[in-house]
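The values are calculated or read from the model by the stated rules, or taken from the named source; none is laboratory data. Since the model is a prediction, treat every value here as computed from it, not as a measurement. Cβ coordinates were reconstructed from backbone atoms using ideal geometry, including for glycine residues, and neighbour counts include every protein chain displayed.
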Amino acid sequence: MSANILPRFAVPLTPIREWWQSLERARKLTAAVSLAVVCGVVYACAFVASQIEQAFCHKAAASTALYMDSFVEPLVQELTTNASLSAENRQTLERLLSPASIGKPVVAFRIWLGDRVVFSNQSEIVGRRFPDNADRERAFLGDVVGKFELNGEEDVQERALKAPILEVYAPIRQTGTNRIIALAETSELAVDLMREIRAAQYASYVVIASTAIGLLLVLFSLTDGLHMRIGELALQRAAHEQFRKRMFKANGHVLEMNERNLRRLGQQLHAGPLQLAALALLKLDALCDQEGGLDNLASTRAADIDVIRKALKDCLSQIRNVSAGLAPSEIESLSLAEAISTAVCLYELRTAMAVSCDFRDLPEAAPYPLKACLYQFVEQSLASALRHTAGESVHLSATGSEALRIEIAYETELSRSSSWLTEDIELSSESLRHQIEALGGTLVVLSPEHGRLEICASFGLGDMGNTNG
């Protein structure tokens, strides 16, 4: 049976769920807060209405209790010794409790001795016993109780009137003591009292609802303002992201032009000064051999030739060093992994040192500025770190799953303290750091433990492709 009921109730909830899911977060927050405010208003109205009703009932009950203390209490003192009232006292009570005497529309009056009615304007219930209830128990403890609910067996005639009836229980004490000897119950028509209660409740509803509506209006205005501000910030963020990508793209173009200029300069050095200097050195050596060596030359002439030879060798060495730091033109057609492998292979040929490599998830396509930058990073990092380590174990790892990360790790004995080496390598790699940061990357030199040195370069894959042009 429950399985058949659930689908029936699930169908009306489907549009509500779809509507809720289609709302933006700001609208969801507004709807949730509005629902909370409405629930709070309903609770506040119910609570205030209950308090107002209790306050009016307590005020009316206090007035009735004062009348009982003044006029009824002396007539029922005989209940301290007798189980019933005398005929004279009953007649006096009937006269005192008539609507004309009490000034209230009393429809029923009873005097209780425990759970037994010893006097009432309804003669048929005099002497009868009725089950105890919480209101009478409270009254016998000394409280004055006033309420509109008529739920006792003795209240059949009052309920038949179909009108608001205020039922009041007032304790009657023995004269001069606090001992409660009986309980006076009055039931009076409370049409005017109920009208006053409803007027006070409606006024409180208006105040609470007006306050809630004001809060909701303020909330809606704040939410709309925040929503507009969030939209503006989102547009600014998108514009900033576009500007950031354009900056990376422009930096890539600048780096590419610089790299091509440097490569052209290297080619010109190889084709011009390097060849001429090498030719001059060969001719100088040949000249010395033809004249019988330096021993047959004059001492001044021999010293000049030594100076010329040394200058030419230094010139060749410096030109080769400058050319070695430039990325070769072949890497433009290579993949990213091949460009990094080329730098490692050239380093191994120059230094005869072995470097282990680990490539994982590297992208095939990469812009030339990035490949040239990584080539120079590998070449310069290996060269700068080799000055401070024995180079016993060098490992290069390159990953590109989430972000492009190139890490060169040395497992060897360091020549200086790790903090000093880290600072020295960072200073020597300052120009390389600027080049990496221009492409949106970061360069970090770490020495996490004794005998280990790490040089890491990281790039965002989202920015890497934006330097293509």
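Residue by residue through segment 66-83, note down the ones that are without any contact (Cβ under 8 Å) to a residue 60 or more places away in the chain, part of a helix (DSSP H, G or I) and among the aliphatic types (A, V, I, L, M).
L66, L75
Quick one: which of S299, S393 is under 60 Å from the mean Cα position of the chain (by Cα), modelled with pLDDT under 80 and either surrounded by 12 or more Cβ atoms within 10 Å (Cβ to Cβ) or more than 30 Å from S431 (Cα to Cα) (or both)? Step through it out loud before you land on a result.
Numbers: S299 fails: under 60 Å from the mean Cα position of the chain (by Cα).
Among S299, S393, only S393 is under 60 Å from the mean Cα position of the chain (by Cα), modelled with pLDDT under 80 and either surrounded by 12 or more Cβ atoms within 10 Å (Cβ to Cβ) or more than 30 Å from S431 (Cα to Cα) (or both).
Looking at segment 114-150, which of its residues are in contact with a Leu (Cβ under 8 Å, 6 or more places away or on another chain) and either at pLDDT below 85 or hydrophobic (A, V, I, L, M, F, W, C) (or both)? Lay out the reasoning, then the answer.
The first filter runs over segment 114-150 and keeps only residues in contact with a Leu (Cβ under 8 Å, 6 or more places away or on another chain), leaving 118-119, 121, 136, 139-140, 146-148.
Passing the criteria: V118, F119, N121, A139, F140, K147, F148.
Please verify whether segment 317-329 includes one or more residues that are surrounded by 12 or more Cβ atoms within 10 Å (Cβ to Cβ), under 54 Å from the mean Cα position of the chain (by Cα), modelled with pLDDT of 65 or more and not hydrophobic (A, V, I, L, M, F, W, C).
Checked against the condition, which is being surrounded by 12 or more Cβ atoms within 10 Å (Cβ to Cβ), under 54 Å from the mean Cα position of the chain (by Cα), modelled with pLDDT of 65 or more and not hydrophobic (A, V, I, L, M, F, W, C), segment 317-329 yields at least one hit.
Output the number of residues of segment 176-190 satisfying the condition of being surrounded by 13 or more Cβ atoms within 10 Å (Cβ to Cβ) and either over 20 Å from L85 (Cα atoms) or aromatic (F, W, Y) (or both). I'd like the intermediate steps shown before the answer.
Taking segment 176-190 first, the residues surrounded by 13 or more Cβ atoms within 10 Å (Cβ to Cβ) are 180-190.
Add one more test, that the residue is either over 20 Å from L85 (Cα atoms) or aromatic (F, W, Y) (or both), and what stays is 187-190.
So the count comes out to 4.
E53: part of a helix (DSSP H, G or I) and more than 60 Å from the chain's Cα centre (by Cα), yes or no? Steps first, please.
On the way: part of a helix (DSSP H, G or I): yes; more than 60 Å from the chain's Cα centre (by Cα): no.
In short, no.
Could you list, in sequence order, the residues of segment 435-457 that are of a type in the set (A, V, I, L, M, F, W, C), over 33 Å from the mean Cα position of the chain (by Cα), within 18 Å of I340 (Cβ to Cβ) and at pLDDT below 85?
Across segment 435-457, the qualifying residue is only I436.
Any idea which residue in segment 151-175 is modelled with the lowest pLDDT, counting only those that are of a type in the set (V, I, T) and exposed (fewer than 14 other Cβ atoms within 10 Å of the Cβ)? Give the steps one after another, and end with the answer.
Here is the first cut: in segment 151-175, the ones of a type in the set (V, I, T) are 156, 165, 168, 172, 175.
Then keep just the ones that are exposed (fewer than 14 other Cβ atoms within 10 Å of the Cβ); that gives 156, 175.
Details: V156: 76, T175: 83.
The residue in question is V156.
Of the conditions (1) in contact (Cβ under 8 Å) with a residue 60 or more places away in the chain; (2) closer than 16 Å to H58 by Cα, I208 satisfies every one except a single condition; which number is it?
Result: I208 passes all but (2).
Can you spot a residue in segment 379-389 that is modelled with pLDDT under 80 and part of a loop (DSSP other than H, G, I, E, B)?
First, pick out the residues of segment 379-389 that are modelled with pLDDT under 80: 383-389.
With part of a loop (DSSP other than H, G, I, E, B) added as a condition, the list becomes 387-388.
Scanning segment 379-389 turns up at least one residue that is modelled with pLDDT under 80 and part of a loop (DSSP other than H, G, I, E, B).
Conditions (1) charged (D, E, K, R); (2) surrounded by fewer than 18 Cβ atoms within 10 Å (Cβ to Cβ); (3) touching a strand residue (DSSP E or B) at 6+ places or on another chain (Cβ under 6 Å), marked per residue:
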position: S34; (1), (2), (3): no, yes, no
position: C39; (1), (2), (3): no, yes, no
position: F47; (1), (2), (3): no, yes, no
position: S50; (1), (2), (3): no, yes, no
position: Q54; (1), (2), (3): no, yes, no
position: K59; (1), (2), (3): yes, yes, no
position: A62; (1), (2), (3): no, yes, no
position: D69; (1), (2), (3): yes, yes, no
position: E73; (1), (2), (3): yes, no, yes
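If I filter segment 103-125 down to residues being farther than 11 Å from E154 by Cβ and of a type in the set (G, A, S), which single residue comes out as surrounded by the most Cβ atoms within 10 Å (Cβ to Cβ)?
G114
Between E364, E338, which is farther than 22 Å from A409 by Cβ and modelled with pLDDT of 75 or more?
Details: E338 fails: farther than 22 Å from A409 by Cβ.
Step by step, each of E364, E338 is checked, and only E364 is farther than 22 Å from A409 by Cβ and modelled with pLDDT of 75 or more.
Quick check: anything in segment 92-99 over 60 Å from the mean Cα position of the chain (by Cα), part of a loop (DSSP other than H, G, I, E, B) and not hydrophobic (A, V, I, L, M, F, W, C)?
Yes.
Applying the selection to segment 425-441, what residues are touching a strand residue (DSSP E or B) at 6+ places or on another chain (Cβ under 8 Å) and either within 11 Å of F377 (Cα to Cα) or of a type in the set (K, R) (or both)?
Filtering segment 425-441 down to residues touching a strand residue (DSSP E or B) at 6+ places or on another chain (Cβ under 8 Å) leaves 425-426, 429, 432-433, 436-437, 439-441.
Passing the criteria: S429, L432, R433, I436.
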